[in-house]
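A short write-up of the structure that comes next.
The values are calculated or read from the model by the stated rules, or taken from the named source; none is laboratory data. Quantities reported herein were computed from a predicted structural model and do not represent experimental measurements. A quick note on method: Cβ atoms are made from the backbone with ideal geometry, for glycine too, and the neighbour counts reach across all protein chains shown.
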């Protein structure tokens, strides 16, 4: 069953097929609700020697004065990013928070902050996927690396160490030396 708008479109197309040859260029009236336009082009000759009617969708109108900058902001918002991009933004924010200068990426505070962000991310992952033993091994490695950096920072500058663990919310656990170093 054809709808009424399709029937009228079909009637326009059929009427166009039987137009006389004298029509050079015309525009047929197509119902507005379906958004199509029919045009006759005499330069496109069919096998019978007549021109050809074509149906096409007209281009949407361009509104020159209306700009929507909020769409760009919505598109680039972190909620529209992938999880990998979201986590990399969190890691970068943790690095920037504890950096001593603009290009600081290697100080102990920055490394501990970056490791803490990665540890928190993996901890959330491990709460969901308890049997992911490969990620668990990586998490233990990250915790050990963070322990080494904290141990260095505690040994060299206790004030920076205290400020760092209070800002990151890490518990202050004294590090015990291994038995063979006594």
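Return the residue satisfying two criteria in turn: it lies in the range 97-121 and is farther than 19 Å from residue 148 by Cα and under 25 Å from the mean Cα position of the chain (by Cα), and of such residues it is surrounded by the fewest Cβ atoms within 10 Å (Cβ to Cβ).
Here the answer is 97.
For the range 80-119, what are the residues that are part of a helix (DSSP H, G or I), touching a helix residue (DSSP H, G or I) at 6+ places or on another chain (Cβ under 8 Å) and farther than 22 Å from residue 161 by Cβ?
80, 85, 86, 87, 89, 90
Residues are listed down the side, and each one gets a yes or a no for (1) closer than 17 Å to residue 111 by Cα; (2) in contact with a strand residue (DSSP E or B) (Cβ under 6 Å, 6 or more places away or on another chain); (3) modelled with pLDDT of 90 or more:
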site: 128; (1), (2), (3): no, no, yes
site: 132; (1), (2), (3): no, no, yes
site: 140; (1), (2), (3): yes, no, yes
site: 146; (1), (2), (3): yes, no, yes
site: 158; (1), (2), (3): yes, no, yes
site: 161; (1), (2), (3): yes, no, yes
site: 165; (1), (2), (3): yes, no, yes
site: 172; (1), (2), (3): no, no, no
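Please specify each residue of the range 148-177 satisfying the condition of being under 39 Å from the mean Cα position of the chain (by Cα) and either outside any helix (DSSP H, G or I) or not assigned by TED's automatic domain parsing to the domain that holds residue 107 (or both). First the steps, then the outcome.
Pass one, the range 148-177, residues under 39 Å from the mean Cα position of the chain (by Cα): 148-153, 160-172.
Listed by number, the residues that qualify are 169, 170, 171, 172.
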